[in-house]
Amino acid sequence: MAVYAILALGATARSVVQILTDFDRAPLAYLLSGLAGVVYILATIALIVPGRAWYRVALVTMCFELAGVLVVGTLSVFDPVLFPASTVWSLYGIGYVFVPLVLPVLGLLWLRRTRRAAAVAEPEDHAVGASGSSADHAVGASGSPEGRA
């Protein structure tokens, strides 16, 4: 989580300076760096705040950043003219020691692990059965039905 916060600050600060001082030189690159910074900020918040909605936000932001670093990284290798200045995601994050490439993979693995742990600790809501009672479909932690006569 701390790495996301550091990357969020670094990417956002860098893009703000680039946009304010040299935007005409490489608008696409600087806007992509700004977008990356916003995505890292959102991912950081989503990792801190508990709840299913924030879990989904973390999942979406990490998938987006992985797709971004793969697409921009590949484009910057095969068509470097597109990026006259580097972005956070250029050359797969080489300017940030490849952290932008590795971080979403580690984040997704962490989400997967914590999701399983949360599912064991707190069972999902169950649908209401034909009799109108949610006990018709309740399953305990051991996997055995509960609340049936």
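Here, each number is a calculation from the coordinates, and none is a lab measurement. Computed from a prediction, not measured in an experiment: that's the story for all the values here. When we count neighbours, we look across all protein chains shown, and the Cβ atoms used for this are built from the backbone with ideal geometry, even at glycine.
Couplings for the stretch 95-106, taken from phi via the Karplus curve 6.51 cos²θ - 1.76 cosθ + 1.60 with θ = phi - 60°, read x, 10, 6, 6, 4, x, 7, 7, 4, x, 5, 5 Hz in order; Gly and Pro are left as x. Computed from the Cβ-Cβ distance with R0 of 30 Å, the FRET efficiency linking ALA5 to VAL77 stands at 0.55.
In the distance distribution for the stretch 2-120, Cα-Cα pairs more than 26 Å apart total 21 percent. Here the 3J(HN,Hα) profile of the stretch 74-83, calculated from phi with Karplus coefficients 6.51, -1.76 and 1.60 at θ = phi - 60°, is 5, 4, 6, 7, 8, 9, x, 4, 4, 10 Hz, Gly and Pro shown as x.
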